[in-house]
Amino acid sequence: MKAMILAAGYGKRLQPLTNKTPKPLLSVGGKPLLQHHIEHLAVNGITEVIINTSWLADKIEDYFGDGSDYGINITWSRESEPLETGGGIKKALPLLGDQPFLLINGDIWTDFKVSSVLNYQLSDDQAAWLLLVENPEHNPEGDFGLANDLVSYQPQIKYTFSGISLIRPQLIMDYIHNQTKQQFFPLRDVLRPAIEAQAVSGAVYRGQWCDVGTVERYKRLNKLLEN
């Protein structure tokens, strides 16, 4: 299985930390945030990793190189400007192949073990699988509910999308077919029709998870990992 890590954002909410250091290189627990993901994938046998970059891309690509120091092969998908989550995947499609791939938001930290989903098989009628978490303070209303292990907008109890998912490339291709001119779009727009068609499954993880999206949350995470 291939993996894609989304690492192209500006990190504006983390300014001034990200003025000269791209968010993926911010130190978390003594090492760059992106390195946590790379090492975790390598330990679990995922060696083909696509990473998109844009803001301060040279610094990220120079730091990790081709990935050989970490036991993986990194293919970089450079964007002249961030294309958002969906647009970034669209650009990287030729690198991802035609089989479901693991997608990870580069700006999260979690102790979730990807080994638990590596053998998960999307059924023929499933376009994606999403890992959900309990709602953090900054997203109290949540994103999605679960009904019979299917992601839905209907249930009253909502959870937050963790930024970890399995995606069938055809899902992106179908969206592109209907929205051919769009270059900048979020993954949530791609997921919506599939969720409404009951084609997206999911599960809830109740372990540690953090969206490293603001200076306050970044400092809180580092304090947690110091203990």
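Quick notes on this one:
- When 176, 195, 157 are screened for being among the aliphatic types (A, V, I, L, M), touching a Ser or Thr at 6+ places or on another chain (Cβ under 7 Å) and either touching a residue at least 60 places away in the same chain (Cβ under 8 Å) or within 26 Å of residue 213 (Cα to Cα) (or both), only 195 passes.
- If the condition is being among the hydrophobic types (A, V, I, L, M, F, W, C) and either crowded, with 22+ Cβ neighbours inside 10 Å or touching a residue at least 60 places away in the same chain (Cβ under 8 Å) (or both), then region 96-121 contributes 96, 101, 102, 103, 104, 108, 109, 112, 114, 118.
- 2 or more residues closer than 30 Å to residue 27 by Cα: qualifying helices (runs of 4 or more DSSP H) within region 137-227: 187-196, 215-226
- Extreme residue, nearest to residue 102 (Cα to Cα), among residues of region 14-28 that are surrounded by 14 or more Cβ atoms within 10 Å (Cβ to Cβ) and in contact (Cβ under 8 Å) with a residue 40 or more places away in the chain: 24
- When residue 75 is tested against (1) in contact with a Leu (Cβ under 6 Å, 6 or more places away or on another chain); (2) crowded, with 20+ Cβ neighbours inside 10 Å; (3) farther than 21 Å from residue 209 by Cβ, exactly one condition is not met: (2).
- Taken across region 169-181, residues that are surrounded by 15 or more Cβ atoms within 10 Å (Cβ to Cβ), modelled with pLDDT of 95 or more, over 27 Å from residue 219 (Cβ atoms) and aliphatic (A, V, I, L, M) do occur, with at least one present.
- Region 49-91, residues that are in contact with an Asp or Glu (Cβ under 9 Å, 6 or more places away or on another chain), among the hydroxyl-bearing types (Ser, Thr, Tyr) and within 20 Å of residue 108 (Cβ to Cβ): 53, 54, 70
The values are calculated or read from the model by the stated rules, or taken from the named source; none is laboratory data. Nothing here was measured: the structure is a model prediction, and the numbers come from that model. Positions of Cβ are generated from backbone atoms using ideal geometry, with glycine treated the same way; all protein chains shown enter the neighbour counts.
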